[in-house]
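The values are calculated or read from the model by the stated rules, or taken from the named source; none is laboratory data. Values in this document were obtained by computation on a predicted structure and should not be read as measured data. Using ideal geometry, Cβ is built from the backbone for each residue, glycine included, and neighbour counts are taken over all protein chains shown.
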Amino acid sequence: MCGIVAYVGEKEAYPIIIKGLKRLEYRGYDSAGVALLNGDINLYKVKGKVSKLEDFAANKPKTSTIGIGHTRWATHGPPNDENAHPHMSGNENIALIHNGIIENYDSLKKELITRGHTFKSETDTEVLVHLIEDIQENEKVDLETATRMALHEVVGAYAIVILEKGNPNRLIAARNSSPLVIGVGEDEFFVASDATPIVEYTKNVIYLEDEQVAVIEKGKEVKVTNIANQKVTPYIEELELNLEAIEKGGYEHFMLKEIYEQPQSIRNSMLGRLNVKNGKIVMGGIEEFESKFMNASRIIFVACGTSWHSALVGEYMIEDLARIPVEVEYASEFRYRNPIINEKDIVIAISQSGETADTLAALEIAKQKGATIYGICNVVGSSIARATDGGSYTHAGPEIGVASTKAFTAQITILALMALSLAEKKGSITKSRYQNLVNQLDTIPNLVEKVLKTNDQIKYLADLYKDAHNFLYLGRGYNFPVALEGALKLKEISYIHAEGYPAAEMKHGPIALIDENMPVVAIATRKGSYQKVVSNIQEVKARNGKIIGIVTEGDEAVKEMADYVIEIPETEEFLDPLITVIPLQLLAYHIAVMRGCNVDQPRNLAKSVTVE
Ligand code: G6P
């Protein structure tokens with residue numbers, strides 16, 4: 001959600017923080033702020049993007065070698081200047097930035113008000129900084145101790161960084177359920193909510209664990225303690241991220257770059273796992289838990305958003321090939337509905353960021369109930385990746401555009417590999433089908449490249465339909481989750497209402513909406529339920545709906561009925577989602593651009609949802 005960047009060292013802090021905030025702007029972008037210490041604390045914060053903050057601070061004093069900065073995604077209180085971070089203590093000695101939610105902020109606030117504190121904002125964060133100040137003053141303790149004591153009173157999730165007047169070389173940081181990374185440079189330190197602002201300065205990082213407090217002081221080693229004040233030896237690891245991967249590389253938007261990266265990101269997901277020559281699939285996590293998978297009574301996927309859609313594809317794949325019963329749950333529902341889980345269940349979290357609060361909480365519940373927990377994550381070292389017993393990274397590379405694209409296809413690639421590997425181990429697939437699917441999977445990156453060549457056609461369609469108020473997306477079987485994903489992409493970035501539906505369900509409701517103004521995107525590739533989708537298209541046509549067909553090259557039947565078709569290469573139905581989703585991503589992208597929407601940072605959305 002919110003983005004955190006802090007610096008202490010020899011250099012000017014402000015430009016480093018601003019650059020870092022821009023790199024993190026995909027996390028939250030409704031307001032931005034910075035606090036710089038140079039004798040006094042200079043605090044600049046505004047509603048709006050980081051560029052607005054730069055304008056605001058342009059002619060103000062910024063000299064400082066220590067500072068903290070923040071981009072906000074509002075939870076408590078609307079986006080405005082006051083609610084923007086950093087927040088200051090009443091005596092203006094402490095400035096604090098925070099990512100997460102303090103759940104008991106209301107009762108803490110009431111108590112602090114009775115003790116004479118007054119608040120300028122509506123945020124939970126301001127309560128925390130006042131609480132620290134209150135403890136510091138009443139208990140006569142230093143900032144580190146006061147912070148630890150305050151965190152004992154706090155219920156909720158937090159990643160915080162604090163600076164204090166009179167301490168120009170020292171930052172205090174702490175985390176619980178919200179990620180925080182410390183970059184260790186030469187005589188300088190960086191702190192951020194993920195590694196993207198750090199990577200250009202140092203590759204040495206410390207990932208703080210839950211309930212840890214770090215004292216980060218120039219010229220000293222990072223001191224880490226747990227909330228009970230026991231010393232912990234921090235583990236310095238090397239980042240695998242590179243700078244190129246987090247820049248736009250000539251594309252107008254990250255989303256477009258990420259759509260075009262898919263041939264490579266799908267290849268990367270298969271790399272070292274799929275050996276077409278000998279037909280072997282080797283996935284470390286699956287090998288490690290082979291007997292658990294072979295004896296699993298069920299696989300339960302928990303996920304949110306786009307990752308939930310790939311989980312649905314995973315359900316079709318694993319049940320179809322490996323014949324293991326699969327359930328797919330919204331993590332947010334699963335965690336609160338007292339699910340029945342047993343030790344023979346394998347609960348698999350799918351998450352691009354590996355930080356989604358609901359998904360993480362769902363996993364914890366599954367763990368408590370004795371299930372084996374597995375992760376399919378993109379971000380290496382993320383909270384979900386570290387909470388699981390085992391897992392498979394998707395290796396899609398950093399995804400910056402808020403609307404997920406390459407992470408989706410990477411997740412499906414992993415699920416395809418899993419389904420094939422499990423089926424082969426179980427003997428639930430014939431050798432020839434297995435080999436055929438392995439061969440086909442290997443060709444997918446080339447097929448995706450081909451589909452990307454339909455871009456101009458899709459741009460043309462986008463222009464025709466950009467003013468529609470509603471869209472319907474239809475698909476069956478493996479392409480039903482793709483219909484959901486296509487509709488989600490359009491909603492997220494163009495703000496057009498769109499619904500995805502299993503094609504046959506249309507007649508149980510959405511058909512009532514169809515008229516000459518309703519574009520219907522029908523995924524009608526030649527495999528699987530082709531004939532049935534064709535019938536559904538006829539039902540739409542009979543009511544004057546506009547059909548955009550996603551069809552297999554050379555298709556004639558749909559071409560005759562549809563207003564427009566996008567032809568894509570043929571593959572096995574099992575692998576269809578990897579290529580049918582591409583035109584839908586491009587359609588959403590071009591419509592959003594033509595409508596003047598901010599594609600990479602759509603309103604109200606955040607890339608990584610670290611609050612429930
Ligand atoms: C947010 C993002 C979506 C993403 C979802 C789940 O809503 O905007 O793009 O699909 O979270 O995120 P995860 O990181 O768990 O895949």
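Brief remarks follow.
- Filtered residue count, segment 1-10, keeping only those that are in a loop (DSSP other than H, G, I, E, B) and either among the small types (Gly, Ala, Ser) or surrounded by 24 or more Cβ atoms within 10 Å (Cβ to Cβ) (or both): 3
- Candidates Thr202, Thr225, filtered to the one that is assigned to a loop (DSSP other than H, G, I, E, B) and at pLDDT 95 or above: Thr202
- Matching residues, segment 507-526, being in a loop (DSSP other than H, G, I, E, B) and free of Cβ contacts under 8 Å to residues at least 40 places away in the same chain: Gly509, Asp515, Glu516
- Pairing residues of segment 290-307 that are at pLDDT 95 or above with residues that are in a loop (DSSP other than H, G, I, E, B) and away from the ligand (no atom under 16 Å from the Cβ), at Cβ distances under 7 Å and at least 6 apart in sequence or on separate chains, gives Asn295/Lys344; Ala296/Ile324; Ala296/Lys344; Ser297/Asn342; Ser297/Lys344; Arg298/Pro325; Ile299/Ile324.
- Asn604 meets the conditions (1) crowded, with 21+ Cβ neighbours inside 10 Å; (2) within 30 Å of Ile102 (Cβ to Cβ); (3) not aromatic (Phe, Trp, Tyr) in every case but one. The failed one is (1).
- Filter result (of a type in the set (Val, Ile, Thr) and touching a helix residue (DSSP H, G or I) at 6+ places or on another chain (Cβ under 7 Å)) within segment 161-214: Ile162, Ile172, Thr196, Val199, Val213
- The residue that is farthest from Glu82 (Cα to Cα), counting only those in segment 11-64 that are aromatic (Phe, Trp, Tyr) and either part of a strand (DSSP E or B) or free of Cβ contacts under 8 Å to residues at least 24 places away in the same chain (or both), is Phe56.
- Residues that are within 11 Å of the ligand (Cβ to nearest atom) and either over 23 Å from Met1 (Cα atoms) or touching a strand residue (DSSP E or B) at 6+ places or on another chain (Cβ under 8 Å) (or both), drawn from segment 364-402: Gly375, Ile376, Cys377, Asn378, Ser382, Ser383, Ile384, Thr394
- In the set (1) within 16 Å of the ligand (Cβ to nearest atom); (2) farther than 28 Å from Glu247 by Cα; (3) buried (at least 24 other Cβ atoms within 10 Å of the Cβ), Ala416 fails one condition alone, (1).
- Elements of the type helices (runs of 4 or more DSSP H) sitting completely within segment 325-407 and holding at least 1 residues that are within 23 Å of Glu288 (Cβ to Cβ) and more than 14 Å from the chain's Cα centre (by Cα): these cover 357-368, 383-387.
- Test: residue in segment 477-493 that is free of Cβ contacts under 8 Å to residues at least 24 places away in the same chain, within 30 Å of the chain's Cα centre (by Cα) and within 16 Å of the ligand (Cβ to nearest atom): yes
- Only a single item in (1) surrounded by fewer than 23 Cβ atoms within 10 Å (Cβ to Cβ); (2) within 21 Å of the chain's Cα centre (by Cα); (3) of a type outside the set (Asp, Glu) is not met by Ser31, and it is number (1).
- Among the residues listed as Ile514, Ile523, the single one being farther than 21 Å from Ile458 by Cα and surrounded by 14 or more Cβ atoms within 10 Å (Cβ to Cβ): Ile514
- Qualifying residue in segment 296-314 (condition: of a type in the set (Ser, Thr, Tyr), more than 14 Å from the ligand (Cβ to nearest atom) and outside any strand (DSSP E or B)): yes
- Note on segment 341-357: residues that are in contact with an Asp or Glu (Cβ under 8 Å, 6 or more places away or on another chain) and either more than 16 Å from the ligand (Cβ to nearest atom) or modelled with pLDDT of 95 or more (or both) total 1.
- Of all the listed residues (Val593, Val599), the sole one being among the hydrophobic types (A, V, I, L, M, F, W, C), within 16 Å of the ligand (Cβ to nearest atom) and closer than 20 Å to Asp467 by Cβ is Val599.
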